[in-house]
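The values are calculated or read from the model by the stated rules, or taken from the named source; none is laboratory data. Remember, predicted model here, so these are calculated numbers, not experimental data. Virtual Cβ from ideal backbone geometry, glycine too; neighbours counted across all protein chains shown. Protein only, heavy atoms only, side chains kept; ligands, DNA and RNA dropped before computing areas. Shrake-Rupley method; radii C 1.70, N 1.55, O 1.52, S 1.80 Å.
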Amino acid sequence: MPAMPEYRHLQVTKHGDVFVVRFVDQKLVDSLAIEVGDELFAVADQKDCKNVLLNFSGVDHLCSAILGKLLSLNRRMNRKGGKLRACEISPSLRSVFTWTVLDTVDTEAKGLRAFE
């Protein structure tokens, strides 16, 4: 199995057919939007990537530009017949996610089970 690419802003692991993405940065601010977006799209564009679970544990700030990248990522996954879910969203960020079409679950374990 080929090694997982290295990312500056993401930690990516694979659990079965689900790519679990954790964010390195506590604050996902405008200045990181392009780099984080590019890295997320690189994960989604891998040939064997059908399902992505975004784990937001440790993230306490999310700018609108990053939110836009997440919505683009969701469309990209839908186009390729895959699914995107988010988990471990802090109470302070939860209200931001209510305005999106992203499927969210409480825990990573629940998120992984949701793909079964």
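Screening L112 against (1) buried (at least 19 other Cβ atoms within 10 Å of the Cβ); (2) in contact (Cβ under 8 Å) with a residue 40 or more places away in the chain leaves a single unmet condition, (1). Within the range 42-50, one or more residues are in a loop (DSSP other than H, G, I, E, B) and buried (at least 17 other Cβ atoms within 10 Å of the Cβ). Looking only at residues that are small (G, A, S) and open to solvent by less than 70 Å² (accessible area, probe 1.4 Å) in the range 89-104, which one is farthest from L71 (Cα to Cα)? By that ranking, first place goes to S90. Looking only at residues in the range 52-81 that are within 21 Å of A109 (Cβ to Cβ) and either open to solvent by 20 Å² or more (accessible area, probe 1.4 Å) or modelled with pLDDT under 95 (or both), the one that is farthest from the chain's Cα centre (by Cα) is G58. Can you tell me which residues in the range 45-72 are touching a strand residue (DSSP E or B) at 6+ places or on another chain (Cβ under 6 Å) and either among the aliphatic types (A, V, I, L, M) or at positive phi (or both)? Residues satisfying the conditions are V52, L53, L54, V59, L62, I66. For D48, the test of being of a type in the set (D, E, K, R) and more than 15 Å from V12 (Cβ to Cβ) is failed.
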